[in-house]
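In what follows, a single structure is set out as structure tokens and then discussed.
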Amino acid sequence: MQDSIITYKQPKSPISEAFRKMRTNITFSDIDHEIQVLAITSTDKSEGKTTILGNYAVALAQSGKRTLIIDCDLRRPQMHRKFDLSNSKGLTSILLKEIDIVDGIQKTEVPGLFIITSGPIPPNPSEILASRRMGELMGDLKNNFDYILLDAPPVGMVTDAAVLSPVVEGYIVVVSLGQCNRDGVRYAVENLKKINARIIGVVANRVPITKRNRYYGYYNAYYGEEPITNEETKKRKWKNKKKNKTQENIGQ
């Protein structure tokens with residue numbers, strides 16, 4: 001498993017805590033309508049959606065939920081690499097009825113977390129994802145898992161993420177700060193709204209260090225440690241300076 005799956009490699013880190021907070025926020029986003037099938041997409045390629053999905057899936061499995069990841073990015077599949085799994089067979093193999101569903105589900109190192117990799121890349125990804133067979137597959141899988149997470153292609157580039165809407169109950173859009181722009185995000189959201197997709201939220205990825213420090217303050221407070229403010233820092237420096245001066249006088 002790659003080091004980017006921090007929720008497994010470093011479960012006590014501030015980043016892992018952020019994913020647990022994400023898990024809680026999504027779980028309580030709509031108490032009356034539980035979201036079982038969630039697709040995670042982005043506005044463009046290389047924004048980190050696969051890494052975000054992998055960490056979120058681990059957080060769900062760690063909470064005792066039987067979780068399944070399906071790599072629906074049939075153009076640039078990456079999920080098998082994140083978890084060091086074979087991609088010789090997978091989603092496309094199941095949809096083409098080359099293998100049974102159970103033979104396409106792989107276990108991971110994380111208890112309760114399973115993956116269906118993309119399988120061989122087809123020449124017609126959109127048609128395969130929009131097929132009746134895909135709907136039937138999702139119906140079967142929903143009876144065996146608490147959560148199903150779909151790694152969908154960037155919504156701003158191809159239609160694949162949109163054609164999944166009949167089997168998806170909610171979308172998360174990953175945005176890489178510094179890479180995307182407002183127009184790109186607006187375009188992606190509007191495309192999803194055109195198909196009446198339910199957008200659960202937007203996840204900001206690659207947050208600058210200065211903004212991460214704000215979260216670190218929250219992390220300390222969460223564990224019972226009050227975050228140190230600028231004013232408190234000045235007071236401590238003044239006290240230490242006064243203490244050192246007193247010790248110098250005593251030494252004299």
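Can you work out which of the residues in the stretch 27-51 that are in a helix (DSSP H, G or I) and out of contact with any helix residue (DSSP H, G or I) (no Cβ under 8 Å at 6 or more places or on another chain) is farthest from I148 (Cα to Cα)?
Of everything passing the filter in the stretch 27-51, K49 is farthest from I148 (Cα to Cα).
If I filter the stretch 144-173 down to residues being among the β-branched types (V, I, T), more than 15 Å from Y56 (Cα to Cα) and at pLDDT below 90, which single residue comes out as nearest to the chain's Cα centre (by Cα)?
V155
Considering each residue of the stretch 175-205, count those that are assigned to a loop (DSSP other than H, G, I, E, B) and either surrounded by 14 or more Cβ atoms within 10 Å (Cβ to Cβ) or modelled with pLDDT of 70 or more (or both), and give that number.
7
Take the stretch 150-170 and flag every residue that is part of a loop (DSSP other than H, G, I, E, B) and among the hydroxyl-bearing types (S, T, Y).
T159
Could you say whether any residue in the stretch 14-37 is crowded, with 18+ Cβ neighbours inside 10 Å and among the polar types (S, T, N, Q)?
Yes; the residues of the stretch 14-37 include at least one that is crowded, with 18+ Cβ neighbours inside 10 Å and among the polar types (S, T, N, Q).
List the number of the failed condition for G64; all other conditions in (1) surrounded by 14 or more Cβ atoms within 10 Å (Cβ to Cβ); (2) part of a loop (DSSP other than H, G, I, E, B); (3) not aromatic (F, W, Y) hold.
(1)
The values are calculated or read from the model by the stated rules, or taken from the named source; none is laboratory data. Remember, predicted model here, so these are calculated numbers, not experimental data. Don't worry about glycine lacking a Cβ; one is built from the backbone with ideal geometry, like all the others, and counts go over all protein chains shown.
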